[in-house]
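For reference, the structure discussed in these notes is given below.
The values are calculated or read from the model by the stated rules, or taken from the named source; none is laboratory data. Keep in mind that what you see is a predicted model, and the values were worked out from it rather than measured. Here Cβ is always computed from backbone atoms with ideal geometry, including for glycine, and neighbour counts include all displayed protein chains. When the accessible area is computed, the model is the full protein with side chains, heavy atoms only, and any ligands, DNA or RNA have been set aside. Shrake-Rupley method; radii C 1.70, N 1.55, O 1.52, S 1.80 Å.
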Amino acid sequence: MGRRSALKAVGLGGLVTVGGIGALATADAAPAEGLGVPPYAPTGRRPRYRRATWSQQFQSGHGWTAGGGGTASSNPADTAVFTRGTSSVRVTTTGTGVQSYVRKTGMTAMDLSGKMIRLIFRVSDVTDLSKVVFYLGSSGLKNAFSWRVHTHGSGTNYVQSGEWVTVHLQWADVSGASGTYTISAQGEPSVRTGFTDMSFAVYDDAKAPVTYHLQTVELVPDTESVFPKGVVSITFDDSHKSVHDLARPVMDPFGMPGTLYNIADVIGTGSFVSLGQMRSLQDASGWEMAGHSYANATHTASYPKLTAQQVDADFAKLREWLVGNGFTSEHFAYPHGAFQKTTDGVAVDELASRHFTTARSIISETIESFAPAMPYRLKALTGITDGTGIGGTALSKVIGAGGALDRCAGSGSWLILCLHKIVAGTPAASTEISQAGLRTLMTEIDKREIEVLTVQEAMAYYS
């Protein structure tokens, strides 16, 4: 029996999730106070904490060294800022754009087969942060793999000022190799064992220094043994009628369901799906009807441009509307992927946690993991299109050699794809993919024997 068949057989009601940790609270975060009790709170199926098989928590005497030409000062055991134990490593960069790092070499050789790396760190002010990179290797890092942990941009960022964030690094995410290490055309690392060296590196933007704290580097089990070919969730934003009319006929023959993130007050109007179509997708084809916003005006504005009261009210009305219309999903996608703070300083992802079990972004610097490191910042590859000259993510980069599908299939990870409109002809915008392009995508997923699950099913896979 396949994994999807097994999920159908036992149902979702009694399943619980096991795995990563959620967003870590920060001492300086504004509390979501005075908002009342949500009419429909999440049922509690959040990921359980996944125990590490090896852990460096940066307490006194840890033996790691801060250095690099980009390091101005450091404290190996900062007892003023930490989220575990009694200390973390504090480093301040020079403001010159040169690498600053916390590293250790010559450790007992480690086998990372069936493992992923968990990092917990904090950047005090991300204004002048450029990127974060992690290196794993041997021979004093002469042989090394590298992961681009985070690249800071002008939009919504996974790493935000003053927050402890958690990142899982999987073999699907390895981005570079040096020395005797190589990455195949399909994205496979040449070795997964024999590692003695680790380095957590931070680069500022050469305009001003940044201060960062490293709390934890750990190894935790991945899910390659459970999903040897990985999992793909095919998600659609904005309730477009073309999902029902053009995507469903393509996906049904493959037995592949999708997750549709809905804007409640457009349902049944103009070019949007009707309630009947939503129910048919859910009840006849096994799709998930999730939430995207209650009011279309709210979706257009995006939550960070509203007050906490306004955001929380929209969340509450959306959840009540979903439940009232027979849609059981507790999962959500942020309008425009934005989960920064509201105009009065409350984190949007904190508000989302009052009403939903997960919330999806459109950040894709690494592939999502089982269970997600931060379930209210789910990562997704967005803008997938087979059009040309219109921006977005080219379909060829998803299905080509060494692309997202190959890397998912080779590491047992969770690849969340975000699409919007389906068109019968040629796409004219980055939010469109042709029906033929969607069929090609489904064919390539099927060819690799990758499991396709809704977000709800993926979060419930540990029974």
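Tabulated values for the structure
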read-out: Check: the stretch 308-463 dipole with +1 on Lys, Arg Cβ and -1 on Asp, Glu Cβ, in debye; value: 180 debye
read-out: Total formal charge among the other residues, if their Cβ is under 15 angstrom from that of ILE416, Lys/Arg +1 and Asp/Glu -1; value: -3
read-out: Cα centroid of the stretch 158-177 to Cα centroid of the stretch 80-143, whole Å; value: 11 Å
read-out: Inter-label distance, nm, simple model (7 Å from Cα along the C-beta direction), THR151/ALA72; value: 2.6 nm
read-out: Ratio of the Cα radius of gyration of the stretch 253-407 to 2.2 N^0.38 Å, where N counts its residues; value: 1.10
read-out: Note, ³J(HN,Hα) from phi for the stretch 102-110, Karplus 6.51, -1.76, 1.60, rounded to Hz, x at Gly and Pro; value: 10, 8, 8, 10, x, 6, 4, 4, 10
read-out: With eigenvalues of the C-alpha gyration tensor scaled by 5 and rooted, the stretch 366-437, Å; value: 24, 14, 9
read-out: Qualifying GluC sites (Glu not before Pro) in the stretch 356-463, DSSP loop, other Cβ atoms within 10 Å at most 11; value: GLU449
read-out: Nearest-20 debye value, the chain charge dipole, Cβ charges on Lys, Arg, Asp, Glu; value: 740 debye
read-out: Placed amide H near LYS115: partners under 5 Å, 5+ positions off or other chain; value: ASP222
read-out: Ranked order, SER430, SER225 - accessible area, probe 1.4 Å, largest first; value: SER225, SER430
read-out: Segment LYS397-SER274, length gained on full extension (0.36 nm per residue, minus Cα span); value: 41.0 nm
read-out: Normalised contact order of the chain, rounded percent, pairs of Cα under 8 Å and 6 or more residues apart; value: 20 percent
read-out: Percent RCO, i.e. relative contact order, over the stretch 41-138, from Cα pairs under 8 Å lying at least 6 residues apart; value: 23 percent
read-out: For the stretch 164-299, the fraction of alpha-carbon pairs in successive 5 Å shells from zero, as %; value: 2, 7, 13, 12, 10, 10, 10, 12, 10, 9, 4, 1
read-out: ³J(HN,Hα), Karplus 6.51/-1.76/1.60, whole Hz, each residue of the stretch 169-179, x for Gly, Pro; value: 10, 10, 5, 5, 9, 4, 10, x, 9, 9, x
read-out: Environment charge at PHE195 (Cβ cut-off 13 Å; Lys +1, Arg +1, Asp -1, Glu -1); value: +3
read-out: Protection proxy ranking, peptides 340-350, 276-286, average beta carbon neighbours within 10 Å, highest first; value: 340-350, 276-286
read-out: Cα principal axis extents for the stretch 47-202, largest first, Å; value: 41, 38, 36
read-out: Accessible carbon and sulfur surface of the chain relative to its total accessible area, %, 1.4 Å; value: 51 percent
read-out: Cβ-based net charge around GLY69, under 15 Å, with every Lys or Arg adding one and every Asp or Glu removing one; value: 0
read-out: For the chain, calculated [θ]222 nm from helices alone, where every DSSP H run of n ≥ 4 adds -39500 (n - 2.57); value: -5000 deg cm²/dmol
read-out: Rg to Rh quotient for the stretch 333-454, alpha carbon positions, Kirkwood Rh; value: 1.01
read-out: Derived scalar couplings ³J(HN,Hα) [the stretch 257-274; Karplus, 6.51 cos²θ - 1.76 cosθ + 1.60; whole Hz; x for Gly, Pro]; value: x, x, 10, 9, 8, 10, 9, 4, 7, 9, 4, x, 10, x, 9, 10, 5, 9
read-out: Percentage relative contact order, the stretch 173-282, counting C-alpha pairs under 8 Å, at least six apart; value: 18 percent
read-out: In Å, descending, principal axis extents of the Cα set of the chain; value: 62, 51, 46
read-out: Exceeding the 18 Å Cα-Cα cut-off - candidates LYS104/LYS142; LYS397/LYS447; LYS207/LYS305; LYS115/LYS397; LYS115/LYS229; LYS305/LYS341; value: LYS207/LYS305; LYS115/LYS397
read-out: Solvent exposure ordering (accessible area, 1.4 Å, most first) of THR431, THR223; value: THR431, THR223
